[in-house]
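Student: Sharing a structure with you now.
Each reported figure results from applying straightforward, stated rules to the coordinates on display, with no laboratory input. Being a predicted model, the structure only gives us computed values, none of them experimental. Glycine also receives a Cβ, built like all others from the backbone with ideal geometry; neighbour counts cover every protein chain displayed.
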Amino acid sequence: MNDQEKYLFDIHGYLVVKNALTEAQVKALSDMVDANARPAAPVSKANPMMKEGKKRASGRGGSDRTRFRNEDDPAWSASSLLDWGGPFIDLIDIPTIAPYLEELIGAHYRLDHDYMLVANAESNHQLFLHGGGQGAGGPNDLVGPTDGGQCYYRYNNGKFYNGLVAVAFELNTVTPGDGGFACVAGSHKANFPLPKEWKMSETQADLPDCVHRVAAEAGDAIIFTEACAHGTVPWESDERERRTLFYKYCPHAVAWSPCYYNSDHYEGLSENQRNILMPPSAFGPSEPTTEIWRRAQAEQAELMRLREEQAG
Ligand SMILES: O=C(O)CCC(=O)C(=O)O
């Protein structure tokens, strides 16, 4: 992360990293999205981001790891893009992004959750701004003061401190009129709550002027701090879909999601990738913590084996 990038991240709360993915990686990931994406979720009145009469998105994958897929799901089974393997595993510690994460979060950061947003002009996202810096999101904010305080941003004594950093890999080009990621640049340092009349916008025409729509080309990654007020601008391009993969990282002692990864569930992980999937602790992937979680994983495997044996 060079000085210009540090300056821009500090004042804006986000950064676009050009060519984070090669063309071959974009193609491999896109082909796997085509093969694996779950169908669109039904419209739900309970979700403030969803508008009736429209489809939510043309495909889904991963999750924010706060819910199980069904009642019988065992612990550590939340849906993840890592289930798809190969290039999705490579993204965990891809060399074009890893140095930024180390600078913004510190050594031994961990992957907390991941998901995908596929949208087209029929999708029903509304802009729902959330986050907003220094706990200033307001009592109704998804990640505001009720978040346990992990959505923070600071720069102190020559170091960045971020509670949750998102990397949004764009598989298709996004021009500002298309929609997609947008934020109130600089709001990660806000001392006042985000005005509530700016939180929701149904169309791009309704967007408040202060909302900055971020353009990117296929293969670029947008890195943003969750402390910056941000959200999803309704997708209005008829030419192409939005296809964004989100990998979200925390310091090693912090968790946003209550559901941790079990690295035994994924194929071909390097030691570094296993460390990045570790559950949170003040000690990070040290020998004693690694041993504790190795045992917990072995116990889960044994329990699953015994249940299968009992079932049949
Ligand atoms: O659509 C986007 O890029 C924003 C997604 C978002 O708000 C989030 O992941 O917290």
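Student: Can you tell me which aspartates and glutamates have their Cα less than 12 Å from the Cα of residue 6? Leave out same-chain residues fewer than eight positions away.
Tutor: Cross-link targets: 103.
Student: Now a separate question. Taking +1 at the Cβ of each Lys and Arg and -1 at the Cβ of each Asp and Glu, which of 11, 131, 256 sits farthest along the dipole of the chain towards its positive end, judged by Cα position relative to the Cα centre?
Tutor: Going by the Cα projections, it comes out as 131.
Student: Simple spin-label model, 7 Å along Cα-to-Cβ: residue 175 to residue 66 in nm?
Tutor: Reported label-point gap for residue 175 and residue 66 is 3.5 nm.
Student: I'd like the FRET efficiency for residue 198 and residue 103, computed as 1/(1 + (r/R0)^6) with the beta carbon distance as r and R0 of 41 Å, rounded to 0.05.
Tutor: It comes to 0.85.
Student: How much of the calculated P(r) for the range 66-121 lies past 14 Å, in percent of all Cα pairs?
Tutor: Tail of P(r) above 14 Å: 67 percent of Cα pairs.
Student: Using a basic spin-label model with each label point 7 Å from the Cα along Cα→Cβ, how many nm lie between residue 283 and residue 19?
Tutor: Computed distance between label sites residue 283 and residue 19 equals 4.3 nm.
Student: Taking the Cα centre as origin and putting +1 on Lys and Arg beta-carbons and -1 on Asp and Glu beta-carbons, what dipole magnitude results for the chain, to the nearest 20 debye?
Tutor: Approximately 640 debye in magnitude.
Student: I want the local charge near residue 302. Using Cβ-Cβ distances under 12 Å, sum +1 for each Lys or Arg and -1 for each Asp or Glu among the other residues.
Tutor: Net charge around residue 302: -1.
Student: Given that compact globular proteins tend to follow 2.2 N^0.38 Å, what is the ratio of the alpha-carbon Rg of the chain to that value? Walk me through the numbers on the way to the answer.
Tutor: Values: Rg = 19.2 Å, N = 312, 2.2 N^0.38 = 19.5 Å.
That ratio works out to 0.98.
Student: Hey, another quick one. Ranked from highest to lowest mean number of other Cβ atoms within 10 Å per residue, what is the order of the peptides 195-207, 157-169? Each step should come with its number before you reach the end.
Tutor: Numbers: 195-207: 14.1, 157-169: 19.5.
Descending mean neighbour count gives 157-169, 195-207.
Student: Report the label-to-label distance for residue 295 and residue 270 in nanometres (one decimal), using points 7 Å from each Cα along the Cα→Cβ vector.
Tutor: Going by the 7 Å Cα→Cβ label model, 3.0 nm.
Student: Taking the convex hull of the alpha carbon atoms in the range 219-312, what volume per residue do you get, in Å³?
Tutor: Each residue corresponds to 195 Å³ of Cα convex hull volume.
Student: Take every Cα pair under 8 Å in the chain that's 6+ residues apart, average their separations, divide by the length, and report that relative contact order as a whole percent.
Tutor: Answer for the chain is 25 percent.
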